[in-house]
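**Student:** I have a structure I would like to understand better, so I am pasting it below and will then ask my questions one at a time.
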Amino acid sequence: MNAFDDHHPPRPDLVADCVHCGFCLPTCPTYVLWGEEMDSPRGRIHLMRQGLDGEPLSDSMAQHFDRCLGCMACVTACPSGVRYDRLITDTRQQVERRHPRTRRERLLRAAIFGLFPYPRRLRLLRGPLRAYRASGLRRLVARTKLLPRLAPSLAALESLAPRLTRPERLPRRLPAVGTRRALVGMLTGCVQRAFFPDVNAATARVLAAEGCEVLILPERQGCCGALSVHNGRDAEARRFARALIDTFEGAGLDHFVVNAAGCGSALKEYGELLADDPVYAGRAAAFAARVRDLSELLVELGPVAPRHPLPVTVAYQDACHLAHAQGVRAQPRALLAAIPGLTLREIADPELCCGSAGVWNVLNPEPAAELGERKARDVLATGAELLVTANPGCMMQIAAAVQRIGATIALAHTAQLLDASIRGLDVEQLLRTASRPSPTGSR
Ligand code: SF4
Ligand code: SF4
């Protein structure tokens, strides 16, 4: 059986764009880890070529595709403009439909995709998680060191769970402060909503302070489909995308704002995701054209809310799906640098993924831990008091890695710094609301 069927195989013309120069290799986290050609962008494109030429989808071919984090560092690095993003998206849905998984893989995937894209189910976990931490069971589990050996994916999940704060209830609609400059919708997300509600609350306040009326409709919105599309589950992704478009389409929005990098990159590709759908194709493309990362929109609008000093040293971490997939690097830095008193530090090897990559760190716990610890050391080497990033997955991954190497650092989203500066909070108040690696046994 050929590797690919006729439903969106990787496009031969895009495969042919690769001139095998190898410029992408040093930025590819799997190539950096293992030095294997077939675990590099160039190697994976070669495998796609073989698949198009009639080779079967072998276990080893599927594994090399599975091991790709989808970080898109290779897209940034490629001087020939190879659309690896398009190629791997098409390849993944082929692998997902056509490659038989083992029973263990099927069970793990069923658990992940039955939980993560459902904010209400995730929210139900908050109580048991708090109880688990409060009971001291976590300390006991850590002391036995058995979990990583018996169930590495479960151990990865356990280590990633953030310290939970009391969630702030989001209104359906938040009026603009002063003159209204735009009507914007806001994505609440799944992990962001369940585990980082402070980030959503800060995002809404900052938008309102900058003159945006914010339409949130928390009771009506679900997953945007990012996790599904990034893992080849495109039918599921299309279902989520249609529902989100239905929720906001008639509201007359000027923009739809996203504060999570992975979600933003998926939303901007709704036009491609639903291109075959006769009812939604045009609507999806129109919706996608309104999508903005929070930092993009704030820079586009320009500031009106006065900033108060925030004398704190921060390191800014480029989330891959913001920097590589959306090309948004300058805007968050500009917003942070404009906060009086704030010192911004850069992290070494900024193009290299932290190993989070959606659920890649749960599916591939050992290499993900290695990448996470590498990133954690680079972050700590900056001497910053606070790590700022724009993706909940990166926050959890780096927090867990920092904790494993026995260090500590506060973590926050760009929105939380802007919110603190606009509201005139002091650094101590900001650091109290920031996330922290949760010490074993604490909550
Ligand atoms: S997306 Fe990331 S992991 Fe995948 S081939 Fe490109 S650089 Fe490597
Ligand atoms: S993907 Fe781009 S950078 Fe990488 S080998 Fe091909 S042409 Fe060169």
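**Student:** Residue 166 to residue 50: FRET efficiency via 1/(1 + (r/R0)^6), r the Cβ-Cβ distance, R0 51 Å, to the nearest 0.05?
**Tutor:** For residue 166 and residue 50, the calculated efficiency is 0.45.
**Student:** Order 230-242, 384-396, 175-187 from most to least packed using the mean count of other Cβ atoms within 10 Å. Each step should come with its number before you reach the end.
**Tutor:** On the way: 230-242: 20.7, 384-396: 25.2, 175-187: 17.7.
Peptide ranking by packing, descending: 384-396, 230-242, 175-187.
**Student:** Hey, another quick one. Relative contact order for segment 12-98: what percent, with Cα pairs under 8 Å and sequence separation of 6 or more?
**Tutor:** Values: 84 pairs, mean separation 31.6, N = 87.
Over segment 12-98, the number comes to 36 percent.
**Student:** What does the convex hull of the Cα atoms of segment 166-265 come to per residue, in Å³, rounded to a whole number? Intermediate results must be reported in sequence, preceding the final value.
**Tutor:** On the way: hull volume 9.1 nm³, N = 100.
Spread over its residues, the Cα hull of segment 166-265 gives 91 Å³ apiece.
**Student:** Just going by the charge dipole of the chain, with Lys and Arg at +1 and Asp and Glu at -1 on Cβ, which of 194, 20, 252 is farthest out on the positive end?
**Tutor:** It is 194.
**Student:** Next question, about the same structure. So what is the diffusion coefficient of segment 12-98 in µm² per second by Stokes-Einstein at 37 °C and 0.692 mPa s, using a Kirkwood Rh over Cα pairs? Working shown, then result.
**Tutor:** Values: Rh = 12.8 Å.
In µm²/s, the coefficient rounds to 257.
**Student:** If you don't mind, another one. Could you give the size of the charge dipole of segment 322-416 about its Cα centre, using +1 on the Cβ of each K and R and -1 on the Cβ of each D and E, expressed in debye and rounded to the nearest 20? Present the calculation step by step, with values, prior to reporting the outcome.
**Tutor:** Numbers: 7 positive and 8 negative charges, 36 e Å.
Using Cβ point charges on Lys, Arg, Asp and Glu, segment 322-416 gives about 180 debye.
**Student:** Sticking with this structure for a sec: Treat every Asp and Glu Cβ in the chain as -1 and every Lys and Arg Cβ as +1, leave all other atoms uncharged, and give the resulting dipole magnitude about the Cα centre to the nearest 20 debye.
**Tutor:** On the way: 56 positive and 45 negative charges, 427 e Å.
About 2040 debye.
**Student:** Just name one of 295, 33, 311: the one whose Cα is farthest towards the positive end of the charge dipole of the chain (beta-carbon charges, Lys/Arg +1, Asp/Glu -1).
**Tutor:** 311
**Student:** Still on this structure: Express in nm, to one decimal, how much length is gained between residue 126 and residue 113 on full extension, taking 0.36 nm for each residue of separation and deducting their alpha carbon distance.
**Tutor:** Numbers: separation 13, 0.36 × 13 = 4.68 nm, distance 1.79 nm.
Full extension of this stretch gives 2.9 nm more.
**Student:** Do the sum for the chain: with -39,500 (n - 2.57) for every DSSP H run of n ≥ 4, divided by all residues, what is the mean residue ellipticity at 222 nm, to the nearest 500 deg cm²/dmol? Write out the running numbers ahead of the final one.
**Tutor:** Values: 27 runs with 228 residues, N = 443.
The helix-only estimate for the chain comes to -14000 deg cm²/dmol at 222 nm.
**Student:** Could I ask something else about it? Regarding the chain, what are the three Cα extents along the principal axes, ordered largest first, in Å?
**Tutor:** Largest to smallest, the principal-axis extents are 62, 55, 40 Å.
**Student:** Going by average Cβ neighbours within 10 Å, how do the peptides 80-90, 356-366 rank, with the highest at the top?
**Tutor:** On the way: 80-90: 19.4, 356-366: 22.6.
With the highest mean Cβ count within 10 Å placed first, the list reads 356-366, 80-90.
**Student:** Quick one: compute the contact order of segment 295-378, relative version, from alpha carbon pairs under 8 angstrom and 6+ residues apart, as a percent. Can you show the working numbers first?
**Tutor:** Details: 83 pairs, mean separation 24.5, N = 84.
Relative contact order of segment 295-378: 29 percent.
**Student:** Normalised by the residues of the chain, what does the relative contact order come to in percent, with Cα pairs under 8 Å and at least six apart?
**Tutor:** Details: 763 pairs, mean separation 72.1, N = 443.
Value for the chain: 16 percent.
**Student:** Where the only charges are on Cβ atoms (+1 Lys, Arg; -1 Asp, Glu), what is the dipole of segment 194-287 about its Cα centre, to the nearest 20 debye?
**Tutor:** Details: 8 positive and 13 negative charges, 31 e Å.
Its charge dipole is roughly 140 debye.
Quick note: the coordinates plus some simple rules give every number you see, no bench work behind them. Worth saying up front: this structure is predicted, and the values here are computed from it rather than measured. Because the Cβ atoms are built from the backbone with ideal geometry, glycine has one as well, and the counts that use them run over all protein chains shown.
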